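What follows is calculated from the coordinates using simple rules that are stated; it is not laboratory data. No experiment lies behind these values; they were computed from the predicted model shown. Don't worry about glycine lacking a Cβ; one is built from the backbone with ideal geometry, like all the others, and counts go over all protein chains shown.
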């Protein structure tokens with residue numbers, strides 16, 4: 001029967017067979033839904049990354065959950081910008097950016113910087129020494145100079161050298177898992 005199957009059916013059947021045998025599912029780039037759902041099992045923090053448009057234009061921001069630490073010495077962090085984003089070029093060409101780690105009560109701020117959000121419209125902000133927009137009241141904020149960029153599939157991985165950071169002792173982080181926002185509930 002496999003000889004009469006289309007290629008996509010063969011891939012799906014192989015994935016089903018691997019799952020059945022306990023070996024997992026083979027990712028299918030033509031249908032990333034299952035892979036995305038598996039990734040959604042890992043809770044991540046929620047950030048808003050800000051920068052200035054290439055050439056020092058208006059401020060830009062994007063909600064991202066691809067933030068991670070890279071190194072303590074030197075102080076490096078990373079985040080990944082989706083190539084499909086209309087703001088991709090602004091972030092990959094920006095010499096500096098800021099990553100704002102959001103509190104669990106800042107869902108509205110996270111939504112402002114999603115695809116159809118209001119962005120900076122009507123939002124107050126200050127500028128860093130590098131001219132990067134800084135948002136008030138984040139749980140943590142990292143002001144960064146772009147260090148390196150690496151192509152990573154459908155994203156660009158942007159590594160930044162932390163120039164300055166700020167943290168708040170109040171509040172809990174906003175988390176994202178299973179396709180929705182939530183909050184961290186510490187034990188004890």
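A few points about this structure:
- Estimated from helices alone, the mean residue ellipticity of the chain at 222 nm is -5000 deg cm²/dmol (sum of -39500 (n - 2.57) over DSSP H runs with n ≥ 4, per residue).
- Estimated distance in nm for a label pair at residue 127 and residue 167, the labels positioned 7 Å out from Cα along Cα-to-Cβ: 3.0 nm
- Overall, the anisotropy analysis places the range 141-188 in the oblate class: the square-rooted eigenvalues a ≥ b ≥ c of its C-alpha gyration tensor yield a/c not less than 1.5, with a/b not exceeding b/c.
- Within the range 112-126: backbone nitrogen closer than 12 Å to the residue 137 label point (7 Å, Cα to C-beta): 124
- Point-to-point label distance, residue 53-residue 71, nm (Cα→Cβ direction, 7 Å offset): 3.4 nm
- The Rg/Rh ratio for the range 25-133 is 0.99, where Rg is the radius of gyration of the alpha carbons and Rh is the Kirkwood radius.
- Protection proxy ranking, peptides 98-108, 172-182, average beta carbon neighbours within 10 Å, highest first: 98-108, 172-182
- Inter-centroid distance (Cα atoms) of the range 28-76 relative to the range 131-187, Å: 8 Å
- Segment residue 32..residue 118, full-extension length gain: 28.1 nm, with 0.36 nm per residue of separation and the alpha-carbon distance subtracted.
- Rule-of-thumb Rg ratio for the range 98-182 [Cα; 2.2 N^0.38 Å; N residues]: 1.18
- Relative to the longest principal axis of the Cα atoms of the chain, helix 7-20 runs at roughly 90 degrees.
- Convex hull of Cα atoms in the chain, direction-averaged projection (nm²): 14.3 nm²
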